[in-house]
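So the structure is just underneath, and the comments pick up after that.
The values are calculated or read from the model by the stated rules, or taken from the named source; none is laboratory data. This is a predicted model, so every value here is computed, not measured. Positions of Cβ are generated from backbone atoms using ideal geometry, with glycine treated the same way; all protein chains shown enter the neighbour counts. Please note that ligands, DNA and RNA were not included when accessible areas were found on the heavy atoms of the full protein model with its side chains. Shrake-Rupley method; radii C 1.70, N 1.55, O 1.52, S 1.80 Å.
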Amino acid sequence: MTPPSAEAATLGSASAIDRRRPSFAIGPIAWLRANLFSSWLSTAVTLALAYVLVSWTLSFVNWAVVNAIWDVPGTGQQVDTSACRAARGEGACWALIGEKYRFILFGLYPFDEQWRPALVVVIFVALYVISAMRRFWRKELALIWLVALSVIGVLMWGGVFGLPAVEQERWGGLVITLILATFGIAFAFPLSILVALGRRQTSMPAVKALCVVYIELIRGVPLISLLFMASVMFPLFLPEGMNIDKLLRAQIAIILFAGAYLAEVVRGGLQAIPKGQYEAADALGLTYWQKTGLIILPQALKISIPPLVNTFIGMFKDTSLVLIIGIFDLLNTAKTSVIEPAWQGFGVEAYLFVAAIYFVFCFAMSKYSQDLERELDKGRKR
Amino acid sequence: MQTPTTSDPRFLRAPPRRGLALSWRDPTLRAIFWQVVILGLVGLGAWWLVENTMRNLEVRKIATGFGFLQREAGLPIGESLIPYSPADTYFRALTVGVLNTLRVAIIGAVLATILGTIVGIARLSKNWLVAKCAAVYVEVLRDLPLLLQLLFWYALLQGLPGPRQALNLFGSVYLSNRGINFPWIEWQDAHSAALLALSVGAVATWGLSRLFTARQMATGVRPRLWPWAIVLLVGLPVGAWWAMGAPFAINRPVLRGFNFRGGGTITPEFAALLFGLVLYTAAFIAEIVRAGILAVHQGQWEAAAALGLTRGQQLRLVILPQALRVIIPPMTSQYLNITKNSSLAVAIGYQDIVSIANTTINQTGQAIEGIAIIMMVYLTISLTISLFMNWYNARMALKER
């Protein structure tokens, strides 16, 4: 008997030729036969893969749950991690996370004031959720952003409304990651639109050349070289007495970097707009900025939303590179949390913890981008 | 458009040629004005920065120029492809860094392409379990920062037991926190000759394959390639090795004191970097390969199946050549990415160009020169890869009449 194909499984009972037992044509057994055991090779691969998966899962569960150490006696300097050391290799040391999660999430922010960065994280997430909903895509959104970012600034710096001031050196953890990513994109996006528009100015060769050089130069070098530039070369650029702190310098480097990548995405969207749209706008007698703002950009940006979100995900992940120039973002606090002799060697646990946080943010964005792509495609495919 | 042969009288008249009117309404004049303004502003900004930098360099008494390249570096480098000692110059140290970058980028690109293609095809597999595993792999690895993955692998390798309690695989491969130690042949001239013969054989096989394809096009019969391939790819190297006296001695790693001696070594830094880069990039390449295969029309699969090709033959002979046209352009940016991402090596202590240039900056204080070197190296590599891939893309492109 020939193995049932996917079509046979769905059409099976309706087909007049198919005289197989119903349970072979539809239902779970048919599904298994079609999708897991359709041929000798397929069966062998399924069994081998299943064996590997089951054995890995079992040993992981053993390590992460069964043999894991959830708590150790003592805190701070007097902590006794001998239980973790004894279980090393067999069991995870989640006691590290219990002891250090405040540090990993909020860095050296004063302990009693850590509700402030926690609230800031909530505001950031709410901001993302609102911006993702299409019913909020209008002009008022810019106002919401402005208000939210000011509230975030007040909460983080303090010094007003009875909030004790916290100097910027003590900020750290998840908040830094979110600040770098959000402000990076918020400033890089308008920049990238200008650069992308400049890149397409055939009547202004000098402007076009400037934009091409900017895009190609930035895209040709790794982000690290820009961050190094921000950390060691930037102070040389400024006149004496003028000093910008490290976080802002890194932020500028990230904005310049993201701007070049986003510009290429926006350019792709601009290129996809048919020439007739430009000509129609010209025929209406619109000025260049009216034409661009009212006719071209709304269409071009709509096309480029899915790749834009993908670039945002990339930027979110790339903020972790500031670790290399010594800024305490989420990844760096995790790395630092295992520097104390008592906790040395438990990096894997710390990294798994922050990996879960990064994954939640990036996975949500990537799922959103896929859904949006489907949604926007619906409009075009009539 | 407007040709002398047009019979339409409207086109016979030349369009009115207007001179440059000295008016704000003239678009040409406006364009020139704005360009002058923008270039002026950018130039002014650049001049301001250069001016500040010059003054700062003077105040801080920092030397300028690339003279430091000829000075003794005095910086130790763990692994190097060319002979190097701390007594060598900065120039040689930086060359070692470039070679280390290229080493991890090239090996990484090859491995990531292989793994990515397998995962991309696996994601389209009819076997549900295989497809789901590939999907989970792609989703998880793509959504975690590469630097996090590198630190994770490095922490995992650092967590291995020391050389004395090294894990032993297959008899004489040792896995410890000092890296992977494995037996390796005692390298002699005969082996180099064999390697050379192998590359000659590969080129010859490729030429022969093209010749046979031409023959197939002319006569419809393809001569058998594989006997020739065996002679060229196996016979030639073995022959060369035999002619040079067939030396063969295996150098096994042995524990001496606190570390292994002899055999080949892969340092934990290199292993973590390569592993992280390959796994991360392969996830992106898998998506590119999958999209490329999906872009080939379903009818092509059906037509190939109707010709009686097996599924593997359908993929290899019909689908992949067409998918490659969609795959190559995004693949180029992945190769560029793997090269640029190899710069994260500095975080785990693999001495690539960024790491060595960074040390150079710290030792000499010449930040501008150091960063200029890093940027020039990456721009050169990026440009070379772009040119090569553009050439390859043009070769693979659809030949339209």
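The table below lists the values:
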read-out	value
Residue ID - nearest to B:Phe248 (Cα to Cα), chosen from residues in segment B:173-205 that are surrounded by fewer than 16 Cβ atoms within 10 Å (Cβ to Cβ) and without any contact (Cβ under 8 Å) to a residue 40 or more places away in the chain	B:Trp187
Considering residues of segment B:335-347 that are open to solvent by 20 Å² or more (accessible area, probe 1.4 Å) and polar (S, T, N, Q) only, the residue nearest to B:Ala291 (Cα to Cα)	B:Asn337
Filter pass, B:Ile381 being within 11 Å of chain A (Cβ to nearest Cβ), farther than 20 Å from B:Arg103 by Cβ and touching a residue at least 12 places away in the same chain (Cβ under 8 Å)	no
Residues being more than 8 Å from every other protein chain (Cβ to nearest Cβ) and either among the charged types (D, E, K, R) or under 15 Å from A:Ala209 (Cβ atoms) (or both) - total across segment B:28-39	3
Residues of segment B:157-171 satisfying the condition of being facing chain A (nearest Cβ under 9 Å) and assigned to a helix (DSSP H, G or I)	B:Gln158
Identity of the residue in segment A:82-138, within 14 Å of another protein chain (Cβ to nearest Cβ) and in a loop (DSSP other than H, G, I, E, B), that ends up nearest to A:Leu149 (Cα to Cα)	A:Ala92
Candidate set: segment B:130-139, residues that are open to solvent by 30 Å² or more (accessible area, probe 1.4 Å) and of a type outside the set (Lys, Arg); chosen: the one farthest from the other protein chains (Cβ to nearest Cβ)	B:Tyr137
Residue count, segment B:126-156 (criterion: under 18 Å from A:Phe353 (Cα atoms) and either in a helix (DSSP H, G or I) or of a type outside the set (Asp, Glu) (or both))	17
Number of positions in segment B:206-230 that are in contact (Cβ under 8 Å) with a residue 12 or more places away in the chain and open to solvent by 60 Å² or more (accessible area, probe 1.4 Å)	1
Any hit, segment A:285-294, residues being under 21 Å from the mean Cα position of the chain (by Cα) and surrounded by 15 or more Cβ atoms within 10 Å (Cβ to Cβ)	no
Restricting segment A:336-359 to residues that are at the interface with chain B (Cβ under 9 Å from one of its Cβ atoms) and within 16 Å of the chain's Cα centre (by Cα), the residue that is farthest from A:Gly74 (Cα to Cα)	A:Phe359
Test: residue in segment B:104-122 that is surrounded by 14 or more Cβ atoms within 10 Å (Cβ to Cβ), in the same structural domain as B:Pro330 (by TED's automatic domain parsing) and not in a helix (DSSP H, G or I)	no
Subset of segment B:356-378 [more than 7 Å from every other protein chain (Cβ to nearest Cβ) and either outside any helix (DSSP H, G or I) or among the β-branched types (Val, Ile, Thr) (or both)]	B:Ile356, B:Thr359, B:Thr360, B:Thr364, B:Gly365, B:Gln366, B:Ile373, B:Val377
Within segment A:331-356, considering residues that are touching a residue at least 24 places away in the same chain (Cβ under 8 Å), among the hydrophobic types (A, V, I, L, M, F, W, C) and assigned to a loop (DSSP other than H, G, I, E, B), the one least open to solvent (accessible area, probe 1.4 Å)	A:Phe346
Test set (1) over 30 Å from A:Pro28 (Cα atoms); (2) within 13 Å of chain A (Cβ to nearest Cβ); (3) open to solvent by 50 Å² or more (accessible area, probe 1.4 Å); (4) among the charged types (D, E, K, R) - B:Arg142 fails condition number	(3)
Single residue of A:Leu210, A:Leu223, A:Leu238, A:Leu227 found to be of a type in the set (A, V, I, L, M, F, W, C), farther than 24 Å from A:Gly326 by Cα and either buried (at least 21 other Cβ atoms within 10 Å of the Cβ) or within 11 Å of chain B (Cβ to nearest Cβ) (or both)	A:Leu210
Count of residues meeting criterion [within 12 Å of chain B (Cβ to nearest Cβ) and either among the aromatic types (Phe, Trp, Tyr) or surrounded by fewer than 16 Cβ atoms within 10 Å (Cβ to Cβ) (or both)] in segment A:369-382	1
Filter pass, B:Leu156 being buried (at least 21 other Cβ atoms within 10 Å of the Cβ), of a type in the set (A, V, I, L, M) and closer than 26 Å to A:Ile325 by Cα	no
Selection count, segment B:73-91, where residues are surrounded by 12 or more Cβ atoms within 10 Å (Cβ to Cβ) and under 18 Å from B:Asn362 (Cα atoms)	8
Residues of segment B:61-89 classified as more than 25 Å from the chain's Cα centre (by Cα) and touching a residue at least 12 places away in the same chain (Cβ under 8 Å), total	17
Residue in segment A:49-62 that is touching a residue at least 12 places away in the same chain (Cβ under 8 Å), out of contact with any Cys (no Cβ under 7 Å at 6 or more places or on another chain) and within 12 Å of chain B (Cβ to nearest Cβ) present	no
Total residues in segment A:179-205, condition assigned to a helix (DSSP H, G or I), surrounded by fewer than 17 Cβ atoms within 10 Å (Cβ to Cβ) and within 14 Å of another protein chain (Cβ to nearest Cβ)	2
Any hit, segment B:53-60, residues being at pLDDT 85 or above, open to solvent by less than 60 Å² (accessible area, probe 1.4 Å) and outside any loop (DSSP other than H, G, I, E, B)	no
A:Val151 open to solvent by 70 Å² or more (accessible area, probe 1.4 Å), part of a helix (DSSP H, G or I) and farther than 17 Å from A:Phe346 by Cβ	no
Residue identified as within 13 Å of another protein chain (Cβ to nearest Cβ), part of a helix (DSSP H, G or I), closer than 24 Å to B:Asn358 by Cα and among the β-branched types (Val, Ile, Thr) among A:Val265, A:Val322, A:Val309	A:Val322
Yes/no for A:Ile176 being open to solvent by less than 10 Å² (accessible area, probe 1.4 Å), closer than 25 Å to B:Val377 by Cα and more than 10 Å from every other protein chain (Cβ to nearest Cβ)	no
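Quick grid of which residues meet (1) of a type outside the set (D, E, K, R); (2) farther than 30 Å from B:Pro76 by Cβ; (3) open to solvent by less than 30 Å² (accessible area, probe 1.4 Å):
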{"position": "B:Ala306", "(1), (2), (3)": "yes, yes, no"}
{"position": "B:Arg316", "(1), (2), (3)": "no, yes, no"}
{"position": "B:Met331", "(1), (2), (3)": "yes, yes, yes"}
{"position": "B:Ala357", "(1), (2), (3)": "yes, no, yes"}
{"position": "B:Gly365", "(1), (2), (3)": "yes, no, no"}
{"position": "B:Met376", "(1), (2), (3)": "yes, no, no"}
